[in-house]
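The values are calculated or read from the model by the stated rules, or taken from the named source; none is laboratory data. In this text, all values refer to a predicted model and were calculated from it rather than measured experimentally. Cβ: placed from backbone, ideal geometry, glycine included. Neighbour counts: every protein chain shown. These area figures cover heavy atoms from the full protein model, side chains too; ligands, DNA and RNA do not enter into them. Shrake-Rupley method; radii C 1.70, N 1.55, O 1.52, S 1.80 Å.
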Amino acid sequence: MVRRVAVVGAGVSGLAATKCCLEEGLEPTCFEQSENVGGLWHYTDRAEEGRASIYRTVFTNSCKEMMCYSDFPFPDDHPNYMHNARLQHYICKYAEHFDLLRHVRFKTLVTKVKKRPDFSVTGQWEVVTQRDGKEETAVFDAVMVCSGHHVYPNLPLAEFPGIQKFKGCYFHSREYKEPEKFRGKKVLVIGLGNSGCDIAVEVSTVASQVYLSSRSGSWVMSRVWDNGYPWDMLVITRFRTWLGNILPRAISDWLYVRGMNRFFKHENFGLMPLDRTSRKEPVFNDDLPSRIACGMVVMKPNVKEFRETSVLFQDGTVQDDVDVVVFATGYSYSYPFMEDDSIIKCRDNQVTLYKGILPPRLEKPTMAVIGLVQSLGPIIPTADLQCRWAVKVFQEQCTLPPVSEMMDDIDEKMGKKLKWYGSSTTLQTDYITYMDELASAIGVKPNVLKLLLTDPQLALKVFFGPCSPYQFRLVGPGKWSGARKAILTQWDRTLQ
């Protein structure tokens, strides 16, 4: 019987895990290597080893109604999109409100997680931690890995011939904090993800010129959507998901491309994705198109070769006198504390998890990896629901299929992921489909037809309105009495 649970990391996922354990009568111990909660959102002036790092001006890409914990809305007066400091404040308030801090052991680094010799019988883990130079070992019945995936930079220098000859300075976007030191310089940013675009736009306000290089293009979305409402409250709805699932693929693709091009034609700006119908996560940037239009950011294809002071691109153009190169080339997934890395990466060194959470080949299902799923939806409610599902699995209140069926399910999802989202290392998935899958398994998915008979006003909001996190607190275990009111008043808070 699972009682003691080790939670690795006190970011948004680790706090959700700690709270879920407490609600189910388990005893969590959360290990956090820094001195504060918040993980990725806990800003520091310089990048620290083994910790996620953000720049000073990071804002959220999801609005407050969509990205909150499902039973803890943001205060009414908060803006729809938040600066990292304000989100960090909310995370601290969440931890205080649910009295989670007394279960967190700060400045404690998890150095090793390994199966106990009798694991096949007990499912227990040995967790080795370090604090103030002292090592400690403890035994836990289950482990929840909430260490995030923005920690270990992916710097693929081997793919960029001549980088050793380059006389300018180059670094990974993880090191970037603010633009001032780039004043008057020519800067090349490699990578068209959220970080690459943010840095290119911000640096373009002080640099003499910014070049933004992309291998495959990307859809660029604005946080402000039709009539000035938040994009996700209009786009992430059950109705749209249902429509996308019943329409023929060709029509669905056409509508998708048309929707993405509604504010500006990506082709004209050099941004068009190579695979135009791929649903891979778009980039959120309200300013990039205008910076391109003003000539402050110049789009470039992939780099072919670096020279001492210049860069040759794939289209044959050469850019002289480049001073700085920022590699916004993402992160790799690493679990240095896992004694046996193949538990999480059990096939071709790829992360292989049932429902994106559970290592399928364990003799006992007593480990969960939280927050490693990417979708067009926000991470906080996703991690929250993942934790609720995982804890039910630990308690054997949620039955698992045999290993072969779990592997088949993973294969099917990988197939869908490749078809819809192209190749990427995380499990890319449709937000509502994924949330409903987890919610159904633990009995917290809202039944729209039943609601239509008992509470038609709520039913219409649930189906046609934003699929906000409160929907997963209407019924079942963990039901929250404020969920109905939160759904009916979500637009009021948005306008406020």
Within the under-13-Å Cβ sphere about G270, not counting G270, Lys/Arg +1 and Asp/Glu -1 give a net charge of +2
Of all DSSP beta bridges located in the chain, what percent are antiparallel, nearest 5?
40 percent
Could you run the Debye sum over the Cα atoms of segment 20-89, one equal point scatterer each and no solvent, and tell me log10 of I(q)/I(0) at q = 0.27 Å⁻¹, two decimals?
-1.18
Contact order normalised by length for the chain, with contacts defined as Cα pairs under 8 Å and 6 or more residues apart; what percent is it?
19 percent
Would you mind working out the accessible area per residue for segment 141-242, using a 1.4 Å probe, and quoting it in Å²?
40 Å²
What fraction, in whole percent, of alpha-carbon pairs in segment 242-318 exceed 22 Å separation?
42 percent
Shape metrics for segment 25-146, restricted to C-alpha atoms - Rg then Dmax, Å:
17.2, 53
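Which entries of K93/K392; K19/K112; K185/K300; K93/K355 show an alpha-carbon separation above 19 angstrom in the structure shown?
Details: K93/K392 26 Å; K19/K112 24 Å; K185/K300 17 Å; K93/K355 30 Å.
From the list (K93/K392; K19/K112; K185/K300; K93/K355), the Cα-Cα distance tops 19 Å for K93/K392; K19/K112; K93/K355.
How do 151-160, 274-283, 297-306 rank on mean C-beta neighbours within 10 Å, highest first?
Top of the packing list down: 297-306, 274-283, 151-160.
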Using alpha carbons only, what's the Rg to Rh ratio of segment 120-233 with Rh from Kirkwood?
1.15
Compute the FRET efficiency between E135 and A85 as 1/(1 + (r/R0)^6), taking r as their Cβ-Cβ distance and R0 = 30 Å, and round to the nearest 0.05.
0.30
For segment 434-496, take the convex hull of the Cα atoms, compute a quarter of its surface area, and give me that in nm², please.
4.3 nm²
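For every other residue with a beta carbon closer than 10 angstrom to the beta carbon of R131, add +1 if it is Lys or Arg and -1 if Asp or Glu, then tell me the sum.
Overall, the nearby charge balance is 0.
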Using the Kirkwood radius over Cα pairs of segment 177-234, the Stokes-Einstein translational diffusion coefficient at 10 °C and 1.306 mPa s, in µm²/s and rounded to a whole number, is 124 µm²/s
For a Förster distance of 35 Å, can you work out the FRET efficiency between the beta-carbons of D118 and T433, rounded to the nearest 0.05?
0.35
Work out which helices of the chain, taken as complete DSSP H runs, extend at least 15 Å along their axis over the Cα atoms and score a mean Kyte-Doolittle of -1.0 or more, then list them.
12-23, 84-97, 249-260, 379-394, 403-421, 431-442
The rounded separation in angstrom of the Cα centers of segment 253-284 and segment 28-63 is 31 Å
